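S.K.: This is the structure, below, for whatever I ask next.
The values are calculated or read from the model by the stated rules, or taken from the named source; none is laboratory data. As the structure is a prediction and not an experimental result, all values here were calculated from the model. Every residue, glycine among them, receives a Cβ derived from its backbone with ideal geometry; neighbour counts consider all protein chains shown. All accessible areas refer to the heavy atoms of the entire protein, side chains included, with ligands and DNA or RNA removed. Shrake-Rupley method; radii C 1.70, N 1.55, O 1.52, S 1.80 Å.
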Amino acid sequence: TIDPSDSRAIGFYAKLLHEHFGDVGLSDRYFRQAIKIDPTNMEAILGYAKFMEECRENDAMAEHYYHLAMKTDPSSGDALSQYAHFLQHRKRDYPGALKHYREAVDRCYEDAELHVDYGEFLSEVYTEYRELRNGEWQDSSMLAEEQYVQAIECAPSEVSYYVQLANFLTRKKRHKEAFKMYQTALTMDENNADTLGH
């Protein structure tokens with residue numbers, strides 16, 4: 001039995017109903033209940049934003065709750081990165097997504113998956129972006145590579161990040177560097193299907 005005053009438990013239950021049982025109506029009800037009990041419950045707010053985006057396909061409400069999350073905790077890298085993802089995939093607002101990815105990376109530098117998401121955004125979506133650093137222009141490809149490398153630095157035992165960097169290098173026709181990176185990944189996990197495919 002869930003404590004009707006426990007916002008975190010109710011929010012978790014709402015997420016469970018949505019992701020594992022597909023009960024949209026009850027999930028919606030419990031997300032709203034969790035936020036009503038504790039308007040600062042970031043997990044429930046972000047969970048409801050994602051629910052609105054992916055399940056209800058209500059972009060206006062999703063954006064409302066992403067903004068609420070960022071207002072509730074301006075230092076939250078999760079809120080910034082999830083909103084950046086929303087802007088990229090749902091709104092196609094690439095300058096807006098860039099702004100929030102950059103802020104998220106600054107605040108959550110140790111989040112390897114965030115570096116990968118930002119790297120993919122720069123290398124595959126916002127390819128015309130350039131940034132002035134120390135008096136020199138760096139294009140989106142250079143900046144993307146930096147993000148993939150930082151992901152590996154944050155999680156050096158995660159094989160998939162080596163594969164993703166290798167894939168990036170392959171797309172850039174830097175085949176010798178890519179081959180070395182694939183070899184590194186295979187050395188770490190010889191049964192990795194993504195690596196064996198190359």
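S.K.: Which of the residues spanning region 23-40 are within 25 Å of Leu87 (Cα to Cα) and either open to solvent by 50 Å² or more (accessible area, probe 1.4 Å) or of a type in the set (Asp, Glu) (or both)? Break it down stepwise before answering.
M.R.: Let us first name the residues in region 23-40 that are within 25 Å of Leu87 (Cα to Cα), namely 24, 27-28, 31-32, 35, 39-40.
Asp28, Arg32, Pro39, Thr40 - these are the residues of region 23-40 that are within 25 Å of Leu87 (Cα to Cα) and either open to solvent by 50 Å² or more (accessible area, probe 1.4 Å) or of a type in the set (Asp, Glu) (or both).
S.K.: Identify, from the list Glu54, Glu43, Glu63, the residue that is modelled with pLDDT under 95, open to solvent by 20 Å² or more (accessible area, probe 1.4 Å), out of contact with any His (no Cβ under 6 Å at 6 or more places or on another chain) and in a helix (DSSP H, G or I). If you could, list the steps in order and put the result at the bottom.
M.R.: Details: Glu43 fails: modelled with pLDDT under 95; Glu63 fails: modelled with pLDDT under 95.
Selected residue: Glu54, the only one of Glu54, Glu43, Glu63 that is modelled with pLDDT under 95, open to solvent by 20 Å² or more (accessible area, probe 1.4 Å), out of contact with any His (no Cβ under 6 Å at 6 or more places or on another chain) and in a helix (DSSP H, G or I).
S.K.: Just to verify a result, which residue in region 138-155, among those that are hydrophobic (A, V, I, L, M, F, W, C) and part of a helix (DSSP H, G or I), is nearest to the chain's Cα centre (by Cα)?
M.R.: Among those residues, the one meeting the criterion is Ala151.
S.K.: Here's another thing I want to ask about it. Could you tell me how many of the residues in region 1-40 are polar (S, T, N, Q) and either under 18 Å from Ala69 (Cβ atoms) or assigned to a helix (DSSP H, G or I) (or both)? Full working, then the answer.
M.R.: The first filter runs over region 1-40 and keeps only residues polar (S, T, N, Q), leaving 1, 5, 7, 27, 33, 40.
Then drop every residue that is not either under 18 Å from Ala69 (Cβ atoms) or assigned to a helix (DSSP H, G or I) (or both), which leaves 7, 27, 33, 40.
Qualifying residue count for the region: 4.
S.K.: Which one is farthest from Leu186 (Cα to Cα) among residues in region 114-157 that are acidic (Asp, Glu) and out of contact with any Ser or Thr (no Cβ under 9 Å at 6 or more places or on another chain)? Lay out the reasoning, then the answer.
M.R.: Just the residues of region 114-157 that are acidic (Asp, Glu), to begin with: 117, 120, 124, 128, 131, 136, 139, 145-146, 153.
From the residues that got through so far, the ones that are out of contact with any Ser or Thr (no Cβ under 9 Å at 6 or more places or on another chain) too are 120, 124, 136, 146, 153.
Values: Glu120: 22, Glu124: 25, Glu136: 36, Glu146: 22, Glu153: 18 Å.
Result: Glu136.
S.K.: Would you mind stating whether Asp106 is in contact with a Gly (Cβ under 8 Å, 6 or more places away or on another chain) and of a type outside the set (Gly, Ala, Ser)?
M.R.: Values: in contact with a Gly (Cβ under 8 Å, 6 or more places away or on another chain): no; of a type outside the set (Gly, Ala, Ser): yes.
So Asp106 does not fit the description; no.
S.K.: Within region 11-25, which residues are within 19 Å of Met61 (Cβ to Cβ) and touching a residue at least 12 places away in the same chain (Cβ under 8 Å)?
M.R.: Step one: list which residues in region 11-25 are within 19 Å of Met61 (Cβ to Cβ), which gives 11, 14-15, 17-19, 23-25.
Result: Gly11, Ala14, Lys15, Leu17, His18, Val24.
S.K.: If you check Glu131 against the conditions, is it in contact with a strand residue (DSSP E or B) (Cβ under 6 Å, 6 or more places away or on another chain), of a type in the set (Asp, Glu) and either outside any helix (DSSP H, G or I) or within 12 Å of Ser81 (Cα to Cα) (or both)?
M.R.: Values: in contact with a strand residue (DSSP E or B) (Cβ under 6 Å, 6 or more places away or on another chain): yes; of a type in the set (Asp, Glu): yes; either outside any helix (DSSP H, G or I) or within 12 Å of Ser81 (Cα to Cα) (or both): yes.
Spelling it out, Glu131 is indeed in contact with a strand residue (DSSP E or B) (Cβ under 6 Å, 6 or more places away or on another chain), of a type in the set (Asp, Glu) and either outside any helix (DSSP H, G or I) or within 12 Å of Ser81 (Cα to Cα) (or both).
S.K.: I'd like the residue in region 69-127 that is among the aromatic types (Phe, Trp, Tyr) and surrounded by 15 or more Cβ atoms within 10 Å (Cβ to Cβ) and, out of all such residues, is nearest to Gln147 (Cα to Cα).
M.R.: Applying the first criterion (among the aromatic types (Phe, Trp, Tyr)) to region 69-127 yields 83, 86, 94, 101, 109, 118, 121, 126.
Now restrict to residues that are surrounded by 15 or more Cβ atoms within 10 Å (Cβ to Cβ): 83, 86, 94, 101, 118, 121, 126.
Working: Tyr83: 19, Phe86: 20, Tyr94: 17, Tyr101: 11, Tyr118: 7, Phe121: 10, Tyr126: 14 Å.
Looking at the filtered set, the residue picked out is Tyr118.
For (1) closer than 23 Å to Ala79 by Cα; (2) assigned to a loop (DSSP other than H, G, I, E, B); (3) free of Cβ contacts under 8 Å to residues at least 24 places away in the same chain, each residue gets a yes or a no:
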| residue | (1), (2), (3) |
| --- | --- |
| Tyr118 | yes, no, no |
| Thr127 | no, yes, yes |
| Ser157 | no, yes, no |
| Leu165 | no, no, yes |
| Glu177 | no, no, yes |
